[in-house]
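Encoded as structure tokens, the structure appears first; notes follow it.
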Amino acid sequence: MRRLLVTGGAGFIGANFVHYWLRNHPDDRVVVLDVLTYAGRRASLASVERHSNFRFVRGDIRDQALVEALLKEERADTLVHFAAESHVDRSILGPDAFIETNVIGTHSLLKAARNIWLKENASSAFERHRFHQVSTDEVYGTLGPDEPPFCETTPYAPSSPYAATKAAADHLVRSYHRTYGLQTTTSNCSNNYGPYQFPEKLIPLMLINALQGRPLPVYGDGQQVRDWLYVEDHCRGIELVLEKGHVGETYNLGGRSEKTNLDVVQILCRHLDELMPDAAYAPHISLLSFVRDRPGHDRRYAIDTSKAKAELGYQPQEDFESGLRKTLAWYLGNELWWRALLDAHYQDWIEAHYGRRARNGTFQPYSSLT
Ligand code: NAD
Ligand code: TYD
């Protein structure tokens, strides 16, 4: 039986992980620590709030005393660290919050874990502890079209402030293993999609814009490539790392599903047309607009998952089509969840980020390019 402290458990992947974990390990204790930034939603945890083994604590990962108290009082032996500022575009507009949470926050968690799990008179229950760092493939930088996918030994070369802060955090985690013997693992994963994703990332943004007849803003030429993984397959991968992964090791997780951004938007529009042939905005692809590119935009990410496959038996269960169908069905069935996010704060972000692109005359309707 494990006792987990899950940071960032009210965010997109964290919430999916909590649901996944309590479904598959109902006897384990799961305590979520989340400060509830704009990206954290208590509503995403509604269905587990009454679970007897679940507890939600609102707090900041930089609060070392709070984390130490939680680890002790909950006798937590496993810390799964999702909490982060996670959006590349926001990191370009304001990197400071990324340094605070992703670097200082991760270091604060490491110090707390070391103090509680490794101190001389630590409880024997902590002998087999685990600090799992949830990281991203973006730490590896960008790939050319014919380069081999990222593997665990690819040198770090982050492009955005987001990726740089995640890289810093990964290095800190490794150093706490090598220097102090903290039992750590790290997973570096490709782009996730699925239920509960905040509509600032590509797939939920395009989906919600399409449902409202708003432009679908593709950056640059839309030929940037990402590897897409259905979020539940990520949760399964983390479970495998916790259960079978070797301490001190890193595992790359991905969906072996490389797609250009333009492909993603076209597939999404096709699915929407099929589901809603009579929609006012069908065919939805007519909403597509090319906008000014993201500065420092990585051209291609791709993941070599052979280590996770060989050592852990990792194998995604969804392909892009099936995962996208599940995602669309979830958003169509949970309109209350996403409509609640479209508040003044969200509109401010949309205006600050996309408004300028449009006013500079860089919105180009799809029809003018085809
Ligand atoms: P998210 O932005 O949806 O959620 C982040 C959560 O962390 C939110 O609930 C937020 O309230 C919480 N949080 C932020 N700062 C905090 C702080 N100082 N203290 C406590 N809680 C805080 O992010 P996500 O997409 O769910 O990503 C989760 C993790 O997975 C991140 O570490 C991210 O780098 C990593 N990751 C994400 C993806 C992806 O495609 N989304 C891919 C690979 C790795
Ligand atoms: P995003 O979901 O922000 O994830 P990441 O930058 O971490 O990969 O973006 C995925 C891709 O989609 C990325 O290449 C940027 C692109 N993109 C757009 O073209 N338009 C948009 O409005 C957004 C949010 C992203």
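The values are calculated or read from the model by the stated rules, or taken from the named source; none is laboratory data. Note that the structure is a prediction, hence the values are computed from the model and not measured. Note that each Cβ is placed from the backbone with ideal geometry, even for glycine, and that neighbours are counted across all protein chains shown.
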* To do: Of all residues in region 1-55, count the ones that are of a type outside the set (Gly, Ala, Ser) and farther than 21 Å from residue 238 by Cα.
  => 9
* **Counted residues, region 252-294 - those being of a type outside the set (A, V, I, L, M) and away from ligand 1 (no atom under 16 Å from the Cβ)** => 18
* Please enumerate the residues belonging to region 294-349 that are in contact with a helix residue (DSSP H, G or I) (Cβ under 7 Å, 6 or more places away or on another chain) and of a type in the set (Val, Ile, Thr). => 303, 327
* Every residue from region 221-235 that is within 16 Å of ligand 1 (Cβ to nearest atom) and closer than 23 Å to residue 290 by Cβ -> 224, 225, 226, 227, 228
* Output for region 13-27, where each listed residue is exposed (fewer than 15 other Cβ atoms within 10 Å of the Cβ) and free of Cβ contacts under 8 Å to residues at least 60 places away in the same chain -> 23, 26, 27
* To do: Can you give me the ranges of the helices (runs of 4 or more DSSP H) entirely in region 1-96 with at least 1 residues that are touching a His at 6+ places or on another chain (Cβ under 8 Å) and more than 8 Å from ligand 1 (Cβ to nearest atom)?
  => 12-24, 88-93
* From the list 126, 82, which residue is among the aromatic types (Phe, Trp, Tyr), touching a residue at least 24 places away in the same chain (Cβ under 8 Å) and within 16 Å of residue 9 (Cβ to Cβ)? -> 82
* Cβ pairs under 8 Å, 6+ apart, first in region 33-47 and farther than 12 Å from residue 337 by Cα, second among the hydroxyl-bearing types (Ser, Thr, Tyr) and more than 8 Å from ligand 1 (Cβ to nearest atom) -> 38/346
* Residue that is farthest from residue 276 (Cα to Cα), among those in region 327-370 that are outside any helix (DSSP H, G or I) and at pLDDT 90 or above -> 343
* Structure fact -> Matching residues in region 163-220 (farther than 27 Å from residue 149 by Cα and near ligand 1 (Cβ under 9 Å from one of its atoms)) number 2
* Structure fact -> Condition set within 9 Å of ligand 2 (Cβ to nearest atom) and part of a strand (DSSP E or B), scope region 193-240, selection nearest to residue 270 (Cα to Cα): answer is 216
* To do: Would you point out the residue of region 181-192, among those that are hydroxyl-bearing (Ser, Thr, Tyr) and more than 15 Å from ligand 2 (Cβ to nearest atom), that is nearest to the chain's Cα centre (by Cα)?
  => 187
* Do we have residue 142 as outside any helix (DSSP H, G or I), away from ligand 2 (no atom under 15 Å from the Cβ), among the β-branched types (Val, Ile, Thr) and modelled with pLDDT of 95 or more here? -> no
* Complete set of residues in region 246-264 that are assigned to a strand (DSSP E or B) and basic (Lys, Arg) -> 259
* Within region 339-356, track down each residue that is under 27 Å from residue 293 (Cβ atoms) and touching a residue at least 60 places away in the same chain (Cβ under 8 Å). => 341, 342, 345, 346, 349, 352, 353, 354
* Quick check: is even one residue across region 116-123 at pLDDT 95 or above and not in a helix (DSSP H, G or I)? -> yes
* To do: Report the residue count in region 115-158 for those that are among the aliphatic types (A, V, I, L, M) and within 18 Å of residue 173 (Cβ to Cβ).
  => 4
